[in-house]
Amino acid sequence: RQHSPQLARSAFLLVLVSSPFPVMAFILMTTQWDTSLLSDDGLLVYKVKVTVIVGYIVAAIVLMVLFKIKKLLLRIGFAWCEIAVTVLATQLTFTFALSDNFYLCKLLGLDPHTALLPARSGPFSDTAFLLALANITVALHFAMPIRWYILATHEVATVLVYGVCTLGLGGPEEPSSQRLRFVALFTALVCLTAVGKRQIERTERAMFARLVAERSLRTQVEFQLSKLDQRSLSAPDDGQSVPSTSASGALFRHLENTVLGETLALVSRIGRVEQWLIGEEELQVFPHDLLGRGSFGAVVAGCFHGTPVAVKFPLRSIGSKAPADIGNELRILRKLRHPNIVMFHGACINFEHQNIALVLERVDGISMDNY
């Protein structure tokens, strides 16, 4: 139902493009044909042709008026809109067939060379008729949002109309072998158009299924992240609590234990979830370029993806409490953002030495020793 307005706009364009041909034929007939000079046979052809063209124009106008009513489009549904446009296109096919002077005379059992005299004389050709059917078929398959199986009736009707006209009634001045070849080529064109339409629908459905799968996966990931956010909100903020009052704080509290392997693995998991964990291959450390040294840690220069950084790591000589102290600093810095605080790029965990290194913004300025 959501695509009904789109189909209505496409149908309006189809009518807008195709209507000038029957309208022009109608104007030429009414202005150039002198009905007083026509024979009874010619007058019959004139009346039938005018009736067919006017019938199509009226049907097109009625359909366009109905398609302008949005409530009606939503009520009848997209499938009935497809059927209505397909029926209109099939009627246009019959209109072109019955408005062709040669085939109309043949259908009425008249001689086309004598029935339309003096209004119409000279050689006949069905090239315009064939091109009109081909244009209708291509436009209906590739310019209209109609499913391929609904168009099957139009495809069969189009091939039958041209086959009956060319082979059944006899084409104008072409031998039978030539007419048979034209029918075969036109049938191949319709079949290839149908196959192309089917392939486009398969591709669109596969892309839509992929889009739905990606959105479903994104929804699941967002749901998991919301659960993590709810867990973090249910506990006091890490920046305002001691390590033992929150889930991540309790985890960092375990850094004081002698066995750090499992706890560092859990910290690494939190870092991947919160996207602050830095791999060892991403960080380049310059241990000889010492920037500072404190009571439990040292700061050296480093490079993180081409950006100069300051790398802070604990000094093992202080004791087993150093990893817990730097872990507590990590717990606080990972959520702090302020112009007067150096930016926290992330942390790098060395499982071999069971250490945590903080990767911070390197600020070039006056040394604190000057104050």
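Placing a pseudo-label 7 Å from each Cα along the Cα-to-Cβ vector at Cys191 and Ser177 gives an inter-label distance of 2.2 nm.
When a/c is below 1.5 the answer is rounded, else prolate if a/b is larger than b/c, else oblate, so apply that to the range 141-195 with a ≥ b ≥ c taken from the square roots of the Cα gyration tensor eigenvalues.
Taking the square roots of the gyration eigenvalues as a ≥ b ≥ c, the range 141-195 is prolate.
Between the C-alpha center of the range 177-214 and that of the range 66-103 there is a gap of 21 Å. Peptides 89-102, 273-286 ranked from most to least packed, by the mean per-residue count of other Cβ atoms within 10 Å: 89-102, 273-286.
By the rule of a C-alpha distance below 17 Å, with chain neighbours fewer than 8 residues away ignored, the lysines paired with Lys312 are Lys321. Phi angles across the range 163-171 convert, under the Karplus curve 6.51 cos²θ - 1.76 cosθ + 1.60 with θ = phi - 60°, into 3J(HN,Hα) values of x, 5, 5, 7, 8, x, 8, x, x Hz, Gly and Pro given as x.
Bear in mind these aren't lab numbers, they're just calculated from the coordinates by the rules spelled out. Keep in mind it's a predicted model, so treat the numbers as computed, not measured. Cβ atoms come from the backbone with ideal geometry, glycine included; neighbour counts cover every protein chain shown.
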